[in-house]
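See below for the structure under consideration.
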Amino acid sequence: MVYATETVNPPRPMASAQSLLTVLDRWVEQGWLRALDQTFAVFLNDTLTEQGEQPAPALLLLAALVSHQVGRGHVCLDLEQLCGHPADTLVLPPEGAENRPEQLPLPATLLKGYSARQLLGAISASTAVGDGGAVTPLVLDGSRLYLYRFWRYEGAIAEGIAQRLAEPVTDAGDQSLAHALDILFPQSDQPDYQKIACALAARSRFSVITGGPGTGKTTTVVRLLAALQSVTLQTGNNHGQPLKIRLAAPTGKAAARLSESIAGALDSLPLSRLPGQPAADTIPARVTTLHRLLGSRPGTRHFRHNEDNPLPLDILVIDEASMVDVDLMASVFAALPAQARLVMLGDKDQLASVDAGAVLGELCQRAAQGHYLPDTLAWLRDVTGYQLPDTLQDQAGYPLDQAVAMLRVSHRFDRHSGIGQLARAINENRLDRELIRDTRAGVYPDLAWLPLPASKPEGGDREARIVRHALSGSPASFANEGKGRRVQGKPVDPPVGYRSYLEIMKRVTDQQLNPRTREEWDDWARSILRAFGKFQVLCPLRRGPLGVEGLNQAIAAGLKRARLIDQTEGWYPGRPVLITGNDYNLGLMNGDIGIALKVPWDQDEQGNPKDALRVAFPASDGTDAIRWISPGRLQSLETVYAMTVHKSQGSEFEHACLIVPDRLTPVLTRELVYTGITRARNWLSLMVCDEQVLGKAVSRGVIRASGLAGRLT
């Protein structure tokens, strides 16, 4: 579409390309933009000038801003939103840049006087902007401006989903499926949404199963795979062979968690009663990372498996799909065989991926309301025996709606659980005074509210309070000190802090333990890693006294004062580390956690045993093995007494402590608070500086600019 150019009286910095680039330079100096964003605008200016085109200042500004938005997780820049709400759309100045130098214009100042139509007219005639038919630096799709690469990623995902939704499944008989599901799910009076999710997923080559913590996503997908194997073997499809199934997750931690969950779920499957009697080994328990599955090539974005070398599988299950960005998801679709099924699992209300895109969130925008066609509801009634409520019916439902199932019952958090009550209230944006009052009063056995001063008071220190809590877990803050509590009929250990894992580590030093064989050292390390996973401090922020960087230093200093560690800098026994980048040579993935331990495996010059530090990591291959790695071989890592909520995705902790800071920042949103709270499995401690900050954070949801949902409706 060609937009007519309308007369605009631009602000002075927009009078020429050079004056605009000068502003971008100053934004980079102030940390408002990445150097990458400014470099992209300079590249466009130089390239177009060499080609004889005079680039409009508006084009260069938008080029820098769309790059900036990608860095913030958006797939594109919506010009309608930009002109209507520039400050909210861009969040410029960013967090920590409140003091603006004089004469440094804000984006809203530069855009003053421009409507979305005028911006479109200013850029649409440039050879740098296309409609995607040819490779151009920028792509304009309606009012959305993309970098070409991300426009292509989004299109590849939409095309892959649409193609699978359009092709009916021909290898699953309805009667065989219904019989298998009846065996796998005992009949109940109320609709069993796990059974319904299995039926919907079996009906399509693309499906999404979403639900909060404890709703049974893993149980559901294991039974789905058992049902599909049963139907395949009973009907003789797939040449009489069982389906080839692969399970994957975005991080090593998420993969290890899913492996553990699936192993437990497999034990309860009545495989011998299913038609076709699928063997246990036809449903894999081993989960790998997506990067390993696709075959990463270090130093490139490319994978070994792609359109020319597809994955050898019939079904791919991706857990924690909310963490998968558009780049990686596009690579998944490129590597999938045309007839393969894709099943995505995840919590639609969690934080989206760190990188650009919110694929799962977009696909599940309408999940709560169902939007199922009458034909879909009739089919579900025939196959599952359940009549869903009329509120989930929609005569105009989209094909995507028919492939999305939402699990609606939490089996982990009952009505007495404060974690469950809080999570539901946050998702529904109804964090009222009554719930906070009950939390403060200790009404809920699994929830402790620990107030922090808004600033450092005389004679006290809020960081010191956090450190004391991190050491002990403050069991006295919970009802009956956390003793005697049971969840789903099973006893739950009282809440602990970091002292727990360090005391296990010191049992060797104190000669309470005397490991001799490699297996005994592995058992010791395994018990330490397990104990460390029982508690975690979570922060929204990286910087500042209440950010990860400040609290990691403060907690380490507190542990040293308590004589639980010997030093706070460098490598020392007990230091927990988080891997922050994939290392394919060592087989370590972003998100893996290890602990430095002293082991007598080196030798001195006389050949006698000598203590040395090794970092113990749990194997992320679905086994219970321990990997020992020399600290000198580790590259990208950080100490992890405190972890950002973003980094905690895909993890669960027996006891999680969420720090709510004393000021509202762009990252503090409903999704972040919900994600932090639901990392807690049995105990949650909230350390809050200002109740109003928490309330305002819950009222703000994340909306990432993207066009994926629109392409599928």
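The values are calculated or read from the model by the stated rules, or taken from the named source; none is laboratory data. Not measured: the values here are computed from a predicted model. Ideal geometry is used to build each Cβ from the backbone, glycine not excepted, and the neighbour counts take in all protein chains shown. Note: accessible area is taken over every heavy atom of the protein model, side chains too, but ligands, DNA and RNA are not part of it. Shrake-Rupley method; radii C 1.70, N 1.55, O 1.52, S 1.80 Å.
Packing-based ranking of 325-332, 424-431, 62-69 yields 62-69, 325-332, 424-431, ordered from highest to lowest mean Cβ neighbour count within 10 Å.
Based on the Cβ-Cβ distance from Gln163 to Val702, what FRET efficiency comes out when R0 is 25 Å, to the nearest 0.05? Computed FRET efficiency for Gln163 and Val702 comes out at 0.30.
Between Arg152 and Asp493, the modelled label-to-label distance comes to 5.0 nm, taking each label 7 Å out from Cα in the direction of the beta carbon. Ligands, DNA and RNA aside, His85 has an accessible area near 110 Å² when probed at 1.4 Å.
With helices as the sole contributors, the chain gives -11000 deg cm²/dmol at 222 nm; each DSSP H run of n ≥ 4 counts as -39500 (n - 2.57), and the sum is divided by every residue. For the stretch 134-255, a crude dipole built from +1 on the beta carbon of Lys and Arg and -1 on the beta carbon of Asp and Glu, taken about the Cα centre, is about 500 debye to the nearest 20. When +1 charges are put on Lys and Arg Cβ atoms and -1 charges on Asp and Glu Cβ atoms, the dipole computed for the stretch 562-704 relative to its Cα centre reaches about 520 debye. Note on the stretch 179-260: dipole from Cβ charges, positive end direction compared against Leu200, Ala255, Thr218; the farthest Cα belongs to Ala255. Here's the picture: charge each Lys and Arg Cβ at +1 and each Asp and Glu Cβ at -1 in the chain, and of Leu65, Met329, Pro284 the one pushed furthest to the positive end of that dipole is Pro284. Taken about its Cα centre, the chain carries a charge dipole of roughly 1420 debye when the Cβ of each Lys and Arg holds +1 and the Cβ of each Asp and Glu holds -1.
Positive end of the dipole of the stretch 588-707 (Cβ unit charges, origin at the Cα centre): among Ile703, Val615, His655, the Cα lying farthest that way belongs to Ile703. From the square roots a ≥ b ≥ c of the eigenvalues of the alpha-carbon gyration tensor of the stretch 315-430, which class results: rounded (a/c under 1.5), prolate (a/b over b/c), or oblate? In terms of gyration-tensor shape, oblate.
Give the shape of the stretch 408-452 as rounded, prolate or oblate, defined through the alpha-carbon gyration tensor: a ≥ b ≥ c are the square roots of its eigenvalues, a/c under 1.5 means rounded, and otherwise the shape is prolate if a/b is larger than b/c and oblate if not. Show your work: numbers first, answer last.
On the way: a/c = 2.24, a/b = 1.36, b/c = 1.65.
Taking the square roots of the gyration eigenvalues as a ≥ b ≥ c, the stretch 408-452 is oblate.
Extending 7 Å from Cα along the Cβ direction at Asp267 and again at Gln393 yields two label points whose distance is 4.3 nm.
Report the FRET efficiency, 1/(1 + (r/R0)^6), for Ala178 and Arg711, where r is their Cβ-Cβ distance and R0 is 41 Å, rounded to 0.05.
0.75
For the pair the stretch 140-217 / the stretch 525-553, the C-alpha centres are spaced 36 Å from each other. The label-point distance for Lys560 and Ala116, in a model that sets each label 7 Å from Cα toward Cβ, rounds to 5.5 nm.
Taking a straight line from the alpha carbon of Lys610, these lysines sit under 16 Å away, with near neighbours fewer than eight places off in the same chain left out: Lys598. Applying 1/(1 + (r/R0)^6) with R0 = 22 Å to the Cβ-Cβ distance of Arg301 and Val135, what FRET efficiency is obtained, to the nearest 0.05? The calculated FRET efficiency here is 0.85.
Measuring only protein heavy atoms, the 1.4 Å probe finds Leu21 accessible over about 10 Å². Available extension along the chain between Leu106 and Asp611 is 176.1 nm, counting 0.36 nm per residue and deducting the alpha carbon span.
Cα centroid distance between the stretch 412-450 and the stretch 29-93, in Å? Measuring centre to centre over Cα atoms gives 42 Å.
Fully extending the segment from Asn309 to Ala625 would add 110.6 nm, taking 0.36 nm per residue of separation and subtracting the current Cα-Cα distance.
Between Gln512 and Arg408, full extension at 0.36 nm per residue minus the direct alpha carbon distance yields a gain of 32.7 nm.
By its C-alpha gyration tensor, with a ≥ b ≥ c as the square roots of the eigenvalues, how is the stretch 469-594 shaped: rounded for a/c under 1.5, else prolate for a/b larger than b/c, else oblate? Because its axes are fairly even, with a/c under 1.5, the stretch 469-594 counts as rounded.
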